[in-house]
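Just below is one structure, and these are the notes that go with it.
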Amino acid sequence: MSVRLTSFLSSIEHACQCDEPAPKGGSWESSRTINYQLGLARLTLASRGASRQAQPMGSILLQACALADGSNCVKANLSWVDHDGESASVHSVYAKPGTDWEAEARLIASSWLAGPPASKLAPVADEPVEQLAAAM
C-alpha cells in the first residue's frame, strides 16, 4: 500500500498544479511528509507570490488502511488555512478492481481547490422564542 500512497499523493499534487497553475497569483510551494509504517502521507500546499514569501493555503492528509474484509482504503482529509474545521471534508477511495486512481486524485484535488464546504447548519431565525414555541 505504501507505493500507492506515494504515487496517489503525487497525482493529487499534480492535479492541483494543473487545475490552478497560478494559485493566488503566485506559484505553488509544496512539501510532503510520509510515514510508511503508519500509512500516513501529508501534502502541505502554499502559494509563493511576488513578495517571495510563501502563504500557506492548507493540506491534504492521506491515511491508508486495510478494512475488515481485507480490502484497502485510502482516506483523504482536506483542510484549509483560514477554515475553522467545523465542516471538514473527507473523501474515501476503496481499492477495487477497476478503480481509476488518477480520476480519484483529480476529484480530491478539485474538491480541495474549491475550498471548504459550506456549513451544514441551517441559519437561525431572528424570531423570539415565544413565537417559535407558539408555532409548535
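What follows draws every value from the coordinates through simple rules; no lab data is involved. From a predicted model like this one, the values you see are computed outputs, not experimental measurements. Cβ atoms come from the backbone with ideal geometry, glycine included; neighbour counts cover every protein chain shown.
Assuming 0.36 nm per residue, please report the length gained on full extension of the stretch S10 to Q37 beyond their Cα-Cα distance.
Extra length available between S10 and Q37 comes to 7.9 nm.
Are there chymotrypsin sites (Phe, Trp or Tyr not before Pro) in segment 1-92 that DSSP marks as loop and that have at most 14 other Cβ atoms within 10 Å, and which are they?
Counting only loop positions with at most 14 other Cβ atoms within 10 Å, the chymotrypsin sites (Phe, Trp or Tyr not before Pro) in segment 1-92 are Y36.
Mind checking the full-extension length gain between S51 and D82? Use 0.36 nm per residue of separation minus the Cα-Cα distance, one decimal, nm.
9.2 nm
Could you calculate the contour length gain from H91 to A68, that is, 0.36 nm times the residue separation minus the distance between their Cα atoms, to one decimal place in nm?
Taking H91 through A68 to full extension adds about 6.4 nm, to one decimal.
Could I get the Rg over Rh figure for segment 7-113? Both from C-alpha atoms, Rh via Kirkwood, rounded to two places.
1.00
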